[in-house]
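What follows is calculated from the coordinates using simple rules that are stated; it is not laboratory data. Bear in mind the structure is a predicted one, so any value in this text is a computation, not a measurement. Please note: Cβ atoms are built from the backbone with ideal geometry, for glycine as well, and neighbour counts cover all protein chains shown.
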Amino acid sequence: MENKILMPGDSAGNYNEKWTKTFDLKFLIIWLVLFAFLLSWTIIFDPNLFNARHFFFKTAIKLFVMMLLALLGGMLCRHYCNTDDKGYITTSKNNWFKVNYTRKIQHFAAYLVPLLSPPTQPFGILPHLWESLFVLFMFLVLIKPIREFSTFFMLQFNSLDRIEDRPNTLKWIVLGNMLPGLFIITVFKQIFETHLHLPLLASVVVFTVAIGDGLAEPVGTYLGKKKYVVPSWNLKHRYVRSYAGSACVYIAALVFLFLFKGQFANPQEFWSAIILFPPIMTLSEAFAPHSMDTPIMMLVGFSLLFGICAIF
């Protein structure tokens, strides 16, 4: 299996190993440590945040929406695909319906739903960090002992468990995608708010990645005829991408730059972004390792827009 080219639907492993020997246990420990750290930080430096009940209530609603979308995605997978005796989806590369399609539902939700913040949301980095921890909790409840005990959570796991990522689905989503992605968003949203005073401009990057990269995989899987190969982040396998999928990133970048045109301080910033942002974001997606394209694209996109706004 070493360095094998995996197509969408190709099986790369299974979940037979005991969960305490896998990433699932490490993820549980990581989340608990982050929760303890964030709780302590809030108690010491900003205890008034706990009085913002509307913030935590609406954040909980966002979590519910994300879990509901994942549940619907899992139900869609169960409708078109078979499952084994434990509830895991069984498909092959010849199946017309693939988990790759429903996985992007959670991709959209995890990054876009937190942007739906009320005008009264508390200001600062702590609220962003709490929201990120809530998003990670949505994936924490999908570790093996929970999902195999409950059909409710297994359905959510079904919607993101790409066959070709097994047994590393959750590990790659959390370590290669969500954890670095959410951290980068939190840091740069704070930078755009405090240094550029352009908090909404950060949304250009988030929307480009969430929708552009989110559409890249299903479009590429279904319509992409011309393919190219990228490595996985652990370099053990290679995965296929398509030019049609990468074109989604370019188009999305252009669309959201025009939609957020009013956020740029002057025409020089806007037209510089039009020239540089779409092709650089497309190349970032094209050359990023499998399951690490989101944080790489975000780091590149945020840095590029910040540089453009700082120069002009």
Which residue fluctuates most in the GNM of the chain (Cα springs below 10 Å): Val209, Val249, Val300? Val300
Quotient of Cα Rg and 2.2 N^0.38 Å for the range 14-194, N being how many residues it contains: 1.09
Distance violations [Cα-Cα > 26 Å] among Lys26/Lys58; Lys58/Lys189; Lys18/Lys62: Lys26/Lys58; Lys18/Lys62
In debye, nearest 20, what is the charge dipole magnitude of the chain about its Cα centre with +1 on Lys and Arg Cβ and -1 on Asp and Glu Cβ, if you could check? 560
Picking from Phe153, Leu34, Ala253, whose Cα lies most toward the positive end of the charge dipole for the chain (charges on Cβ: Lys, Arg +1; Asp, Glu -1)? Phe153
Is it possible to state the helix-based mean residue ellipticity at 222 nm for the chain, with each DSSP H run of 4+ residues giving -39500 (n - 2.57), the sum divided by total residues, to the nearest 500 deg cm²/dmol? What is it? -19500 deg cm²/dmol
Which one of Glu164, Glu131, Glu17 has the biggest mean-square fluctuation once the chain is modelled by GNM with Cα springs under 10 Å? Glu17
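Counting other C-beta atoms within 10 Å, which of Lys21, Lys171 has the fewest, and how do the rest follow? Write out the running numbers ahead of the final one.
Working: Lys21 8, Lys171 18.
Ranking Lys21, Lys171 by Cβ neighbours within 10 Å, fewest first, gives Lys21, Lys171.
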Out of Leu28, Leu129, Leu257, a Gaussian network model of the chain with alpha-carbon springs under 10 Å gives the largest mean-square fluctuation to Leu28
Regarding the chain, what are the three Cα extents along the principal axes, ordered largest first, in Å? 56, 48, 32
Please list, ordered by chain and number, the residues whose modelled amide H lies under 5 Å from the amide H of Thr83; skip anything fewer than 5 residues away on the same chain. Thr90
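Short version: what are the Cα gyration tensor semi-axes of the range 237-312, square root of 5 times each eigenvalue, largest first, in whole Å? Don't skip to the answer; put the middle values down first.
On the way: eigenvalues 128, 34, 14 Å².
Taking √(5λ) for each eigenvalue gives 25, 13, 8 Å, largest first.
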Net charge (Lys, Arg +1; Asp, Glu -1) of residues whose beta-carbon lies under 10 Å from that of Leu160, Leu160 excluded, is +1
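Give the average over all directions of the projected area of the C-alpha convex hull of the range 124-206, one decimal, in nm².
Values: hull surface 25.0 nm².
Projected area, direction-averaged: 6.3 nm².
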Sorted largest first, extent of the range 61-115 alpha carbons per principal axis (Å): 37, 21, 14
